[in-house]
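These notes are about the structure you will find just below.
The values are calculated or read from the model by the stated rules, or taken from the named source; none is laboratory data. Here the structure is a predicted model, which is why all the values come from computation and not from measurement. Glycine also receives a Cβ, built like all others from the backbone with ideal geometry; neighbour counts cover every protein chain displayed. SASA here: full protein model, heavy atoms, side chains in, ligands and nucleic acids out. Shrake-Rupley method; radii C 1.70, N 1.55, O 1.52, S 1.80 Å.
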Amino acid sequence: LCLLMAFGVGAHASGSSGSAFVPFFTDADWAVTELDDPTGLAPVAVVQRFEVRPGQCVSQPPFHDCERGVERAELGEAIVRRRSADTHWYRWQVFFPQDFEPAYPVRNRHGQFVDHGTGDSAWAFEIGSTGALWFGSQFDDESRYFSVINERDLRGEWQDVIVEAVWSRHKGKLNVWVNGQKRVRYKGVTCDRCQIALTYGIARHGVSKFKEQYSE
């Protein structure tokens, strides 16, 4: 169940509140490390490496990770954004190794806009049963899913992700570009409590379902 990833160091989130990132319910010293780019292809010389191992969870209300079967190796914004009419921009790069395995039915999320008012994601980049990376809403029962990278193109190269967001219960907006191509165009409600912070790395949801299906 070991997963490996690398992100470009210095993921950027715009806004006057700053964009410092700290471990997000991640305390193992090997879960997030910095190293010279092992691919030789990154846009920066030093990258971040994320690794999740079985049982790697931390619980603290409202995030009951261990009880909910969530394992993380993530960094998150140190300052939580409050609902406003401002437009926020986010950008990072991500590399999935050739031997990366999504381990479905685990829901592997690799970038989340977490609503600290509810303790769950408002939107997430997630790898599903098809092996593709998609971007979808999590804050209500509406189905809003956008495919952003197909399985064929996911591994072995750096992916550049840009998100433009207005967090609002009424007049929100989300646009997503991947490698310069616009993959998401959405207007409408974008959150519930709208106390949004970006987290990125690896978050595995539904680990208990995986254990039930593959008990061995």
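Divide by every residue of the chain the summed helix terms, -39500 (n - 2.57) for each DSSP H run of at least 4, and state the resulting mean residue ellipticity at 222 nm, rounded to the nearest 500 deg cm²/dmol. Spell out each step's value before the answer.
Working: 3 runs with 15 residues, N = 216.
Only helices count here, giving -1500 deg cm²/dmol.
Loop-located trypsin sites (Lys or Arg not before Pro) in region 48-119 (DSSP state not H, G, I, E or B) with no more than 15 neighbouring Cβ atoms inside 10 Å: Arg82. Computed over protein heavy atoms with a 1.4 Å probe, the accessible surface of region 95-159 works out to 41 Å² per residue. Annotation: amide H-H contacts under 5 Å for Gly156 (H modelled 1.01 Å from N, sequence separation of 5 or more, or interchain): Phe96, Gln98. The amide H of Arg144, built 1.01 Å from its N in the peptide plane, has Ser137 as neighbours under 5 Å, considering only residues 5 or more places off or on other chains. Between Glu157 and Lys209, full extension at 0.36 nm per residue minus the direct alpha carbon distance yields a gain of 15.7 nm. The relative contact order of region 171-216 comes to 27 percent, based on Cα pairs under 8 Å that sit 6 or more residues apart. Protection proxy ranking of 135-144, 29-38, by the mean of other Cβ atoms within 10 Å over each peptide's residues and highest first, is 135-144, 29-38. Applied to region 114-123, the Karplus parametrisation 6.51 cos²θ - 1.76 cosθ + 1.60 on θ = phi - 60° returns per-residue 3J(HN,Hα) values of 8, 8, 5, x, 10, x, 8, 6, 8, 9 Hz, with x for Gly and Pro.
So what's Rg/Rh here for the chain, counting alpha carbon atoms and using the Kirkwood radius for Rh? Provide the component values of the computation, followed by the final result.
On the way: Rg = 16.2 Å, Rh = 17.4 Å.
In the chain, Rg relative to Rh is 0.93.
Between amide H atoms placed 1.01 Å from N, distances below 5 Å from Phe24 occur with Glu74, Leu75, Gly76, all of them 5 or more places distant or on a separate chain. Could you give each residue of region 168-183 its phi-based ³J(HN,Hα) in whole Hz, using Karplus coefficients 6.51, -1.76, 1.60 with θ = phi - 60°, and x for Gly or Pro? Residue by residue, region 168-183 yields 7, 7, 10, 10, x, 7, 9, 10, 10, 10, 10, 6, x, 9, 6, 10 Hz. Projecting label points 7 angstrom from Cα along Cα→Cβ for Val22 and Arg53 puts them 2.5 nm apart.
Quick one: with all protein chains in place, what share of the accessible area of region 172-214 is carbon or sulfur, to the nearest percent (1.4 Å probe)? Let's see the in-between values first.
On the way: 810 of 1990 Å².
Percent of accessible area from carbon and sulfur atoms in region 172-214: 41.
Close Lys pairs in the chain (alpha-carbon distance under 30 Å; sequence gap of 8 or more, or different chains): 4. Placing a pseudo-label 7 Å from each Cα along the Cα-to-Cβ vector at Leu41 and Gln98 gives an inter-label distance of 1.0 nm. The peptide list 74-80, 112-118, put in order of mean Cβ contacts within 10 Å with the highest first, becomes 112-118, 74-80.
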